[in-house]
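Asks: I have a structure I would like to understand better, so I am pasting it below and will then ask my questions one at a time.
Throughout, read-outs are computed from the coordinates displayed, never taken from laboratory work. Given the structure is predicted, the values throughout are model-derived calculations rather than measurements. No Cβ is skipped: glycine too gets one built from the backbone with ideal geometry, and neighbour counts run over all protein chains shown.
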Amino acid sequence: MRRARGWKKSWMAFGVALALLPSCGGAVTHERPLEPVPVGDESVELERAQRREADALEVALARREPDCATACGLETRICDLADRICAIAGRRPADRETRARCEDGARRCEDARARVAGSCACAP
């Protein structure tokens, strides 16, 4: 009887370890979906997301060998976020702050394109 309990405990531990295995990493992906449209002032949250992506782009390009796959994806997301910010600004022509966010976002997009083009060849 004692031997049977030890065997059951071993299989139970194996089962728990097997169940936890998928949460231990897995495939690393650099593709992150655009953040959902936030509640409140969307342009502020989109600008924050764009700044985070711009920071991540700097990290990807600062490597000895630039991570071009990541950099190309980040460039695309930075420009997509700029487009979304500017679309909001277009719906609020009297809102100077949102218009300024649009201009800053468009500048970040241009900078990202120039930085990536200097280090990587991205697919169109």
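Asks: Under a point spin-label approximation (7 Å from Cα along Cα-to-Cβ), what is the GLU97-ARG48 distance to one decimal in nm?
Replies: Inter-label distance under the simple model: 1.3 nm.
Asks: Something else now. For ARG63, ARG84, which order do you get if you count the other beta carbons within 10 Å of each Cβ and list the fewest first?
Replies: ARG63, ARG84
Asks: Also, quick follow-up: In debye, nearest 20, what is the charge dipole magnitude of segment 42-119 about its Cα centre with +1 on Lys and Arg Cβ and -1 on Asp and Glu Cβ, if you could check? Before the final figure, lay out the partial values.
Replies: Details: 16 positive and 17 negative charges, 23 e Å.
Charge dipole of segment 42-119: 100 debye, to the nearest 20.
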